[in-house]
Amino acid sequence: MIHIFLNGLGAKAGAGLTYLFNVLPHLSANPEVRTTLMVQPHLRDEFRRIPNVTLFDADIPNSTTARFWLEQRKLPEFVRKSGADVLISAGNFALRQCPVPQILLSGNSLYTSMDFERDLRCRSEFGMLVDTRIKGIFARRSLYWADCTVAPTQAFADELRKWTGRDVQAIHHGFDHELFFGDSSPLPDGVHQKLLDAEDGLRLLFVSHYNYYRNFETLFRALPLIAAKLKPRKVRLFLTCLLQEGSNPGLYRTKRAAALIRQLGIRDQVVELGPIPYRLLHHVYRACDVYVTPAYTETFAHPLVEAMASGLPIVASDLAVHREVTAGAAYYFPRFSSELLAQCVAQVATSPELAASLSAVGKQRATAFGWKNHVEQILHLAFVIRRRPSSRAVANAA
């Protein structure tokens, strides 16, 4: 029997919540595991129904900085009171003085990405640049404070190892086929109609809320080039976000992206569906023809697995993470080249044989990702570090 304290305070949206929603049912189903979960107050009701999971209630500040300091000052006491054997820190930051062995789940490549730093400079986002650097200092130190660090891909584990000199284990995130495709409820009428209106042309899909590192602008610049190559066939790009200020998580400004769309004259080609509930996303994937991602940094990219499972051929920026996750089920282009992005999309769109081949390889590749296997590997690490002498004293002195 092992008692896990899972610190999920860093999960507010996107991949963080996806992780908790998929991992906790598997922890709950294991009779050898007790779990204490700490999440943001507004999310607690989402997890109360899960059996064998105890929710730890505490007043939690909203800002990342305030949360970090609360964790460093208060969380050790919370962990002791819970009686947990191992702490799993799921938000990129570890406890400096943890009373039990600690596994750090590190999944934010912004702290190591020079492309992101250059991007912020070009956008004059100096406040965000300073904030990222400060958080990066503590994220780096966290790898020394933890007894074990886990990354979601080998590519990102290698990046962290180069950054810190510390050993990092790679455990792929999972994918729940039954959960993802299980809800047959229809899409909202407005969303469904937008997809229908474009069924006579090429439908591209990019699943992401708006942020800088997903590199939307390179994709927008590629759209006129794609349209020219496929003329007279129409081209539509579907986004699962809104390019409006305040409509996306974080402090990313959408004005520059919206202005670029107007400048390029592609307003009719960019279709903003807005956020789609996870349970309905499979309808959107299956209504489109090609999945495309121009991201310039990633740690795992869950939509790639969703797209592969949905049978979509993929055109992806040439990142080591993308190559590892897709394993040949994609066409790759240099991450800032709109011209080569357009060329790849055109090749896939005009070759049914190529599209069918990528789709078949992707469907097979998607079966390699499972949350049950992920949780089993995490629990194996938890049992191992619980039994061995802790490295915390050495880490805290560093």
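Values in this text are rule-based calculations from the coordinates and carry no lab data. Everything numeric here is computed off the predicted structure, so don't read it as measured data. Please note: Cβ atoms are built from the backbone with ideal geometry, for glycine as well, and neighbour counts cover all protein chains shown.
From the backbone phi of segment 71-88, what are the Karplus-calculated ³J(HN,Hα) couplings (6.51 cos²θ - 1.76 cosθ + 1.60, θ = phi - 60°) in whole Hz, Gly and Pro given as x?
Listing the rounded values in order: 4, 5, 8, 10, 4, x, 5, 4, 5, 4, 5, 6, x, 5, 8, 9, 9, 10 Hz.
For L202, which sequence-distant residues (separation of 5 or more, or a different chain) have an amide H within less than 5 Å of its own amide H, given hydrogens modelled in the peptide plane?
K234, V235, R236
Output the pairs from K194/K231; K194/K234; K231/K363; K135/K162 with a Cα-Cα distance over 23 Å in this structure; if there are none, say none. If you can, show how the numbers build up before the last one.
Details: K194/K231 21 Å; K194/K234 14 Å; K231/K363 30 Å; K135/K162 18 Å.
Those over the limit are K231/K363.
Rank these for me by crowding, V168, V325, V33, V305, going from fewest to most other beta carbons within 10 Å.
On the way: V168 22, V325 28, V33 19, V305 25.
Final ranking by Cβ density, sparse to dense: V33, V168, V305, V325.
Taking the Cα centre as origin and putting +1 on Lys and Arg beta-carbons and -1 on Asp and Glu beta-carbons, what dipole magnitude results for the chain, to the nearest 20 debye? The partial results should precede the final answer.
Working: 46 positive and 36 negative charges, 182 e Å.
For this selection, approximately 880 debye.
What would the Debye formula give as log10 I(q)/I(0) at q = 0.11, 0.13, 0.14 Å⁻¹ for the alpha-carbon point model of segment 262-398, no solvent?
-0.54, -0.68, -0.75
About the Cα centre, and with charges only on the beta carbon of Lys, Arg (+1) and Asp, Glu (-1), how big is the dipole of segment 269-398? Nearest 20 debye, please.
860 debye
How big is D, in µm² s⁻¹, for segment 1-60 by Stokes-Einstein at 25 °C and 0.890 mPa s if Rh is the Kirkwood radius over C-alpha pairs? Walk me through the numbers before you get to the answer.
Working: Rh = 11.6 Å.
The estimated diffusion coefficient comes to 212 µm²/s.
Spelling out what I want: for every residue of segment 328-345, take phi, set θ = phi - 60°, compute 6.51 cos²θ - 1.76 cosθ + 1.60 (Karplus), and round to whole Hz; glycine and proline get x.
Couplings: x, 8, 8, 9, 10, 9, x, 4, 10, 9, 5, 5, 6, 4, 4, 4, 5, 4 Hz.
Mind listing the long-range amide H neighbours of F175? Cut-off is under 5 Å, sequence gap 5 or more, other chains count too, H placed in the peptide plane at 1.01 Å from N.
G370, W371
Please compute the modelled spin-label separation between E376 and D158, points set 7 Å along Cα→Cβ, answer in nm with one decimal.
2.7 nm
Specify which residue in the list S184, H283, L251 is farthest towards the positive end of the charge dipole of segment 181-366, using unit charges on the beta carbon of Lys, Arg (+1) and Asp, Glu (-1), about the Cα centre.
L251
Using the eigenvalues of the Cα gyration tensor, what equivalent ellipsoid semi-axes result for segment 87-128 when each is taken as the square root of five times the eigenvalue, whole Å, largest first?
After scaling each eigenvalue by five and taking roots: 31, 10, 6 Å.
Using alpha carbons only, what's the Rg to Rh ratio of segment 42-199 with Rh from Kirkwood? Write out the running numbers ahead of the final one.
Values: Rg = 19.7 Å, Rh = 18.8 Å.
Taking Rg over the Kirkwood Rh, I get 1.05.
If each of D318 and R80 carries a label point 7 Å out from its Cα toward its Cβ, how far apart are those two points in nm?
It is 5.4 nm.
Compute the helix-to-body angle for 371-387: its Cα long axis versus the longest principal axis of the chain, expressed 0 to 90° and rounded to tens.
Compared with the principal axis, the helix lies near 20 degrees.
Based on the Cα coordinates of segment 137-262, what is the per residue volume of their convex hull in Å³? Intermediate values should be presented prior to the final figure.
Values: hull volume 23.8 nm³, N = 126.
Expressed per residue, the convex hull around the Cα atoms of segment 137-262 is 189 Å³.
Using alpha carbons only, what's the Rg to Rh ratio of the chain with Rh from Kirkwood? If you can, show how the numbers build up before the last one.
Details: Rg = 21.5 Å, Rh = 22.1 Å.
Ratio of gyration radius to Kirkwood radius: 0.97.
How high is the relative contact order of segment 181-366, in percent, with contacts defined as C-alpha pairs under 8 Å that are six or more residues apart? All intermediate terms of the calculation are to be shown ahead of the outcome.
On the way: 324 pairs, mean separation 44.0, N = 186.
RCO, segment 181-366: 24 percent.
Can I get the semi-axes of segment 59-122's equivalent ellipsoid? Compute them from the C-alpha gyration tensor as square roots of 5 times the eigenvalues, in angstrom, largest first. It would help to have the intermediate numbers written out before the result.
Working: eigenvalues 164, 41, 12 Å².
Ellipsoid semi-axes (Å, largest first): 29, 14, 8.
Grab the Cα-Cα distance for M1 and A29, subtract it from 0.36 nm times how many residues apart they are, and report the gain in nm with one decimal. Intermediate results must be reported in sequence, preceding the final value.
Values: separation 28, 0.36 × 28 = 10.08 nm, distance 1.31 nm.
Once the chain is fully extended between M1 and A29, it gains 8.8 nm.
As I understand it, the value is the acute angle between the Cα axis of helix 126-145 and the longest principal axis of the Cα atoms of the chain; what does it come to in degrees, rounded to 10?
Rounded to the nearest ten degrees, it is 50.
Any idea what the relative contact order of segment 269-374 is, in percent, if you count C-alpha pairs under 8 Å spaced at least 6 apart? Mind dumping the intermediate values first?
Values: 141 pairs, mean separation 27.9, N = 106.
Relative contact order here is 26 percent.
Give me a comma-separated list of calculated 3J(HN,Hα) values for segment 90-102, in order, Karplus coefficients 6.51, -1.76, 1.60 applied at θ = phi - 60°, integers in Hz, x for any Gly or Pro.
9, x, 6, 10, 9, 7, 6, 10, 8, x, 9, x, 10
Suppose a student asked you for the relative contact order of the chain, using Cα pairs under 8 Å spaced at least 6 residues apart; what percent would you report? Walk me through the numbers before you get to the answer.
Numbers: 706 pairs, mean separation 63.7, N = 398.
Computed value for the chain: 16 percent relative contact order.
Using just the C-alpha positions of segment 181-366 as equal point scatterers, what log10 of I(q)/I(0) does the Debye formula give at each q in 0.11, 0.12 1/Å?
Rounded to two decimals, the profile gives -0.43, -0.52.
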